[in-house]
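K.L.:
The structure follows.
None of the figures in this text is laboratory data; all of them are computed from the coordinates on show. The model shown is predicted, which means the values in this text are computed figures rather than measured ones. Virtual Cβ from ideal backbone geometry, glycine too; neighbours counted across all protein chains shown.
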Amino acid sequence: MIGAIARPPRVSMVARAARGNPLFASALTVSVGWLVVALAAPLIAPASPLAQSPDLLVGPSAQHWFGTDELGRDVLSRLIWGARVSVTIALIVVLASSLIGAVVGGVAGYFGGWVDEAMMRFTDLVFAFPGVILALAVTAALGPGLRNAVIAVLILSWPPYARLVRGQVLMLRGSEFVMMARLRGASAPRTLLRDIAPNLTGPMLVMATVDVGEKILLVAAISFLGLGVQQPTADWGSMIATGTQYLEAWWLPTFPGLAIVTVVLANNLLGDRLRDVLDPRGVTGDRRPGR
């Protein structure tokens, strides 16, 4: 029984979920497809995202499938390169915030006492601010730009992971296999990494999957308000913002908006299905709305 608790989730379980659930398979295809688009942007983009032409605000056509913008730049090319920015930022933020949250939550839950109290009160302090408002405040204080937008999103992204990991560690630290590790003289870092960490894989994978879509949406919102990615760099949020200035050119905000919808919806569906397969107890549900 101890071995069953300590065993990390199997990849075969995810594969069976995909085979038995067409919606999951479709969402996985869309999510992986956008990742491939982001990685292969220089190879698949029909033109440079910065190349200008005399064809200003031309609608979708055989030459420009998604039309052109106010400077004659190909919208499809900018959409593809925008995926490289948006998806890459989201993945970096999710990876970094999950690592920070895992360390904070793991240490707080394992040691308890004043360590737990101090770390979790600081976590609650970050939680006290509305996510988007905090991100905008940090970005405005540091100045517009891609790096500062990443820092702002990262600051408000790690607390949910800290709460999740802390709750899991509190449940597991009294388990028999953890007690056995302590009796064998294992140090706290060794116990956390070898005995407790494998049990966190499922819940954290579920949260991170959904979080990727949320972070893409948040970065797009910051760029939409002019505080994130700056022109002429292609970004979905800034492309939508440009489209609001040319209401007759419906294709400018429509296609990047659809891109955001597809990737967010796909990751939400993936997270829901993975929660059912890898996290049947629903321990990842401790998230505040909008975070």
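K.L.:
Toward the positive end of the charge dipole of region 84-174, about the Cα centre and with charges on Cβ (Lys, Arg +1; Asp, Glu -1), which of Ser97, Leu170, Gly131 goes farthest?
P.N.:
Going by the charge dipole, the pick is Ser97.
K.L.:
Between Leu23 and Leu247, what is the spin-label point distance in nm, taking each point 7 Å from the Cα along the Cα→C-beta axis?
P.N.:
For the pair Leu23/Leu247, the computed spacing is 3.6 nm.
K.L.:
Moving on. Taking 0.36 nm per intervening residue step and subtracting the Cα-Cα distance, what contour gain separates Met171 from Arg194 on full extension?
P.N.:
Separation in residues times 0.36 nm, less the Cα-Cα distance, equals 6.7 nm.
K.L.:
Taking 0.36 nm per intervening residue step and subtracting the Cα-Cα distance, what contour gain separates Phe129 from Thr254 on full extension?
P.N.:
So the chain would gain 41.9 nm between Phe129 and Thr254.
K.L.:
Between Val261 and Leu95, what length comes free when the chain is fully extended (0.36 nm per residue of separation minus the Cα-Cα distance, one decimal in nm)?
P.N.:
Contour length minus Cα-Cα distance gives 57.6 nm.
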